[in-house]
Amino acid sequence: MIEPPVADDPLDSSHFPPIEDYAFLSDCDTTALVAPDGGVEWLCLPRMDSPSVFGALLDRDAGQFRVAPSGVSVPAARRYIPGTLVTETSWWTTGGWLVVTDALLIGPWHHTTQRSPAHHRAPTDYEASHVLIRLIHCVNGKVQVNMECSPVFDYGRTPVEWAYADGGYTEAVATATKKSRRSSDAVHVETNDLQLRLTTDLNVGFEGTSATARTLLKEGDRRFVALSWSDHEPPRTLSEASDALRWTCHHWQHWLDRGRFPDHRWRGHLQRSALTLKGLSFAPTGAIAAAATTSLPETPGGERNWDYRYTWIRDTVATLWAFNTLRLDWEANDFFNFVADIADAEGGHLQLMYGVGGERILTEKTLDHLSGYEGARPVRVGNGAYSQRQHDVWGAIVRAIDLHTGGHRVEDRLWRIVQTQVECALEHWREPDQGIWEVRSGAQHFTSSKVACWMAADAGARIAGRRGEDALAARWRSAAEEIRDDVLCNAVDERGVFTQHYDTKALDASVLLIPLLGFLPGSDERVRNTVHAIMDELTEDEMVLRYRVEDTEDGLAGDEGTFTICSFWLVSALVAIGELHRARALCGKLLGSASQLQLYAEEIDPRSGRHLGNFPQAFTHLALINAVTAVIRGERLLTETGPTAPT
């Protein structure tokens, strides 16, 4: 039965597109979100964690860049060109059809005479061109096209002034207005240093702080608009723009060709998730941002709004596993080396998150001048959780080294990291922490944190054994058993179900990781009991909550949607306990809940299907890869061996 709309539903009067309706673009230096109406509503420059120049995503007056037919706001169709992060938006008007193609350009390596100041990883044959390209093609009839470029620097605080760059009307430059020149809160760029250059074959005029153009296109006519922000030369003709777009498409398709994707009906979801993860990577360092955005709300109109444009150390194991599974070895190596560089530099004092350039200080601030997405405030930049104590980082690093070295002897540099991280885990595992969900209330003895400390000792023992450090391997193995015994003694209730932490009977989706990390096998009765309890008691319409907010003091107000990563964990856990049929059904439902462009935010409202939280979310796409791969592996095993138990 279809439920009636809730009173005061923000969808009834919202001026914001649904989160899931945005398209995601990337050049692996920065990212952009494009609304269905053709407006670029999120672009941060020069990096993905820099201040925004287009911020309408968080305030309708914080800047956007729209190219669309006159008088039409809803496109006929949108898609990614297959195998790319290049979008095509098709428009029907009463006079004809128009197609707009959008991309953040990637081109050949530019730094041929001098080194790039930003790159820490080995240079490749390509890099970001620092150009947002928009190609316009009238495919039928006649269409009136409007272009409006209205940047507002520094998260909507600094208006711009436009000026022509030459004697014609086809090139214009936007700079911060003189009366507003000041440094941004972010350390990466000063507002008064940023300059946007608009290059086009349209005739541009200025209306206040906007650069505008309009033209009537007839069948076969093509135009281009390029927005650039560095000393890389932008396309200056339609031919150059078309060639640059073609180069970008081929780059993404050739990149995808390096991966290994099964011949399966869900292959497209794996490929789109791989492209999304690549798009969330920061090429100069190899880091992967948790999401492209800040402060998209987990609760409509609520306060659960966080900045996710950083790298979480705990994601290391899932990231490496996903990239290795898909045979994307370069990305696995780059990300591993980013994390290893941090671990080497930090010694035993790892934070739970870092900036994509390796920055340690991620001071959290609120931007009170922004209204927030659909009124959800505060809007935050920075993330105060960086200073929290979380015990899962040690296990993530050691298990990542175990995965990355693939059973081979670990070299001395990595071995020093292993020793330091294992000893940190063993020193602190008896202490409480803030847990995987970074609760902003008191520390607890979270079950998942204890399991992560076990993982550090368990993986460390294997690595030590491969180096011939037998005494150390035995000590760490013994410590791992002690941690396991402690968890089994204190984190299992009278039903034989794992609880959120030692002092509660509440459930938590993070304990679904117990069989996935190898803490216990899927055949263990406590694992089966836990998976079934979560299915029965921690789901809404079969989708998994991370916990019940009424049972967990997390220091925040408001409800949440279901956490999509947790739902994909449930898929993997169902495969682990031998219930393939249920796993396959749930996985199909989750894949059907993706956006039109096969993207996911952090959460899904089980009633409306709306996506909630930052977008697109890397951890969700990582969990998708792991869950889909688990189901496919289970199907193939069943085909090879035949059913031996109920699935």
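The values are calculated or read from the model by the stated rules, or taken from the named source; none is laboratory data. The structure presented is a predicted model; accordingly, all values stated were derived computationally and were not measured. When we count neighbours, we look across all protein chains shown, and the Cβ atoms used for this are built from the backbone with ideal geometry, even at glycine. To get the accessible areas, we keep the full protein, side chains included, count just its heavy atoms, and leave off ligands, DNA and RNA. Shrake-Rupley method; radii C 1.70, N 1.55, O 1.52, S 1.80 Å.
Quick one: is residue 381 more than 29 Å from residue 506 (Cβ to Cβ), of a type in the set (Val, Ile, Thr) and touching an Asp or Glu at 6+ places or on another chain (Cβ under 6 Å)? Yes; evaluated as a whole, the condition is true for this residue. Here is the figure for the stretch 523-581: residues that are among the basic types (Lys, Arg), buried (at least 18 other Cβ atoms within 10 Å of the Cβ) and modelled with pLDDT under 95 total 1.
Among the residues that make up the stretch 238-253, is at least one of them modelled with pLDDT of 95 or more and in a loop (DSSP other than H, G, I, E, B)? Checked against the condition, which is being modelled with pLDDT of 95 or more and in a loop (DSSP other than H, G, I, E, B), the stretch 238-253 yields no hits at all. Only one of the numbered conditions (1) under 29 Å from residue 320 (Cα atoms); (2) touching a Ser or Thr at 6+ places or on another chain (Cβ under 8 Å); (3) aromatic (Phe, Trp, Tyr) is violated by residue 519, and that is (2). Of the residues making up the stretch 379-428, those that are surrounded by 20 or more Cβ atoms within 10 Å (Cβ to Cβ) and among the acidic types (Asp, Glu) number 2.
For every residue, the table says whether it meets (1) within 21 Å of residue 425 (Cα to Cα); (2) charged (D, E, K, R); (3) modelled with pLDDT under 95.
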residue: 309; (1), (2), (3): no, yes, no
residue: 317; (1), (2), (3): yes, no, yes
residue: 321; (1), (2), (3): no, no, yes
residue: 331; (1), (2), (3): no, yes, yes
residue: 342; (1), (2), (3): yes, no, yes
residue: 349; (1), (2), (3): yes, no, yes
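Residues considered: 537, 560, 550. Of these, the only one that is under 24 Å from residue 310 (Cα atoms) and out of contact with any helix residue (DSSP H, G or I) (no Cβ under 9 Å at 6 or more places or on another chain) is 560.
Looking across the stretch 1-44 at every residue that is modelled with pLDDT under 95 and touching a Lys or Arg at 6+ places or on another chain (Cβ under 9 Å), the one that is most open to solvent (accessible area, probe 1.4 Å) is identified as 15.
If you check 90, 70 for being of a type outside the set (A, V, I, L, M), over 26 Å from residue 274 (Cβ atoms) and at pLDDT 95 or above, only one passes: 70. Checking the stated criteria, residue 472 turns out not to satisfy the condition of being touching a helix residue (DSSP H, G or I) at 6+ places or on another chain (Cβ under 6 Å), open to solvent by 10 Å² or more (accessible area, probe 1.4 Å), modelled with pLDDT under 95 and hydrophobic (A, V, I, L, M, F, W, C).
Would the stretch 339-354 turn up any residue that is part of a helix (DSSP H, G or I), over 25 Å from residue 437 (Cβ atoms) and touching a helix residue (DSSP H, G or I) at 6+ places or on another chain (Cβ under 9 Å)? Yes, that holds for at least one residue.
Of the numbered criteria (1) in a loop (DSSP other than H, G, I, E, B); (2) under 18 Å from the mean Cα position of the chain (by Cα), the one residue 264 fails is (2).
State whether one or more residues within the stretch 300-308 are in contact (Cβ under 8 Å) with a residue 60 or more places away in the chain, part of a strand (DSSP E or B), of a type in the set (D, E, K, R) and closer than 30 Å to residue 376 by Cα. Yes: the stretch 300-308 contains one or more residues that are in contact (Cβ under 8 Å) with a residue 60 or more places away in the chain, part of a strand (DSSP E or B), of a type in the set (D, E, K, R) and closer than 30 Å to residue 376 by Cα. Residues in the stretch 509-567 that are closer than 18 Å to residue 582 by Cα, within 22 Å of the chain's Cα centre (by Cα) and acidic (Asp, Glu): there are none.
The number of residues in the stretch 320-342 being open to solvent by less than 20 Å² (accessible area, probe 1.4 Å) and among the acidic types (Asp, Glu) comes to 1.
Could you tell me whether the stretch 225-232 includes any residue that is aliphatic (A, V, I, L, M), in contact with an Asp or Glu (Cβ under 8 Å, 6 or more places away or on another chain) and either open to solvent by less than 10 Å² (accessible area, probe 1.4 Å) or part of a helix (DSSP H, G or I) (or both)? Checked the stretch 225-232: no residue is aliphatic (A, V, I, L, M), in contact with an Asp or Glu (Cβ under 8 Å, 6 or more places away or on another chain) and either open to solvent by less than 10 Å² (accessible area, probe 1.4 Å) or part of a helix (DSSP H, G or I) (or both).
Does residue 279 satisfy being open to solvent by less than 20 Å² (accessible area, probe 1.4 Å) and modelled with pLDDT under 95? It is false that residue 279 is open to solvent by less than 20 Å² (accessible area, probe 1.4 Å) and modelled with pLDDT under 95.
Listed by first and then second residue, the pairs with beta-carbon distance under 7 Å, at least 6 apart or on different chains, first residue in the stretch 23-47 and touching a residue at least 24 places away in the same chain (Cβ under 8 Å) and on the phi > 0 side of the Ramachandran plot, second open to solvent by 10 Å² or more (accessible area, probe 1.4 Å) and part of a loop (DSSP other than H, G, I, E, B), are 28/283.
Looking only at residues in the stretch 233-261 that are open to solvent by less than 30 Å² (accessible area, probe 1.4 Å) and under 23 Å from the mean Cα position of the chain (by Cα), which one is farthest from residue 53 (Cα to Cα)? Going through the qualifying residues, I end up with 259. Does residue 292 fit the bill of being within 15 Å of the chain's Cα centre (by Cα) and open to solvent by less than 10 Å² (accessible area, probe 1.4 Å)? Yes; evaluated as a whole, the condition is true for this residue.
The condition (being free of Cβ contacts under 8 Å to residues at least 24 places away in the same chain, closer than 20 Å to residue 272 by Cβ, open to solvent by less than 40 Å² (accessible area, probe 1.4 Å) and among the small types (Gly, Ala, Ser)) is satisfied by just one residue among 592, 613, 609: 609. Under the condition of being open to solvent by 40 Å² or more (accessible area, probe 1.4 Å), assigned to a helix (DSSP H, G or I) and either closer than 19 Å to residue 394 by Cα or free of Cβ contacts under 8 Å to residues at least 12 places away in the same chain (or both), the residues counted in the stretch 475-505 number 9.
In the set (1) in a helix (DSSP H, G or I); (2) out of contact with any helix residue (DSSP H, G or I) (no Cβ under 7 Å at 6 or more places or on another chain), residue 620 fails one condition alone, (2). Checking each residue in the stretch 429-457 for being open to solvent by 10 Å² or more (accessible area, probe 1.4 Å), outside any loop (DSSP other than H, G, I, E, B) and touching a helix residue (DSSP H, G or I) at 6+ places or on another chain (Cβ under 9 Å) picks out 446, 448, 455. Residue 345 passes every criterion in (1) small (Gly, Ala, Ser); (2) touching a residue at least 24 places away in the same chain (Cβ under 8 Å); (3) open to solvent by 10 Å² or more (accessible area, probe 1.4 Å) apart from (2).
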